[in-house]
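Note sheet for the following structure.
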Amino acid sequence: MTYIKKVNAAAEFLLKRIHPRPMVGIITGTGLGDGLPPMERSQAFDYREIPHFPVSTVQSHYGRCVVGDVSGAGVMAMQGRFHLYEGYSPLEVVFPVRLMRAMGVSILILSNAAGGLKLNFSAGDIMVIRDHVNLTGENPLIGPNVDEWGVRFPDMVDVYDRGLAACAEKAARAAGFSLQAGVYAGLKGPSLETPAETRFLRQIGAHAVGFSTVMEAIAAVHAGMRILGLSTITNINDPDHPQAFTVDDVIRAAREAAPRMASVIESVIREAADDRH
């Protein structure tokens, strides 16, 4: 079965079981599965239930699709994503994005846990992604183009939607905190950065680094979706004073920031729903 047929089969499976069609999609990062706003009339589907859907293998990624209503908007949230370092291909990594678009999602919110590269960042900060650098050596658009999904050479000059970013920043201020903003560097992983690599990333203009997001963002641009990227800064990478960091530390820091992440996401969805009406 071709990739496009697999996407359509998964969409058909879910569309028969949910109502209404979702408008907003969310993909959560490591430790951020609980960083979702409260949903009404929610339904949950284990990834194993959805035809042709990959399965999460990383700690703290629940492997569950939750569909419901937030502030009058249909929302489809993936609690757990797929990474290149797990051995998944770029097409498998972006399968949730393709599925969401096939179901009618037009706004995609990508969250991740990331290491901070700016020394004035603090663990627990949330950074709005303004742009990214793809250092994975991969791209989900390699191969034959599906013309009904998007153009062969999508423009990447404005990946992350400025209106959604402004809405997120306004929501944070209203809740009593501020967001950072910067450039996200996407690596393949899973080994963490050496001090020399950290210096290189800072020199090329990156402010945070992680192992996700860029594949999904590229596929979403190709699909014509509006994108909001949010990185939870779980630690600060100081190449002159390097400190060891474990995945448990990442998960702990991300979970502490999850309630603030959820409040920002809820406000963004509410404003998107108001705009639609």
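Observations, loosely collected:
- Placing a pseudo-label 7 Å from each Cα along the Cα-to-Cβ vector at residue 238 and residue 151 gives an inter-label distance of 4.6 nm.
- Net charge over other residues, Cβ less than 15 angstrom from the Cβ of residue 4 (K, R count +1; D, E count -1): 0
- The gain in end-to-end length when the residue 138 to residue 122 segment is fully stretched comes to 2.8 nm, 0.36 nm per residue minus the alpha carbon separation.
- Based on C-alpha pairs under 8 angstrom that are at least 6 apart in sequence, the chain has a relative contact order of 28 percent.
- Taken over the stretch 16-109, the ratio of Cα radius of gyration to 2.2 N^0.38 Å equals 1.01.
- Kirkwood-type radius of the chain, with distances r between different C-alpha atoms, in Å: 18.6 Å
- Between the beta carbons of residue 169 and residue 204, assuming R0 = 25 Å, the FRET efficiency works out to 0.50 to the nearest 0.05.
- Of all beta bridges that DSSP places with both ends in the stretch 3-276, some 40 percent have antiparallel geometry.
- By average C-beta atoms within 10 angstrom, highest first, the peptides 63-73, 8-18: 63-73, 8-18
- Calculated FRET value between residue 19 and residue 191, using beta carbons and R₀ = 51 Å, to 0.05: 0.70
Taken together, the values in this text are just the output of simple stated rules run on the coordinates, not laboratory data. Note that the coordinates shown come from a computational prediction; the quantities given were computed from them, not determined experimentally. Neighbour counts are summed over all protein chains in view; Cβ atoms, including those assigned to glycine, are modelled from backbone coordinates with ideal geometry.
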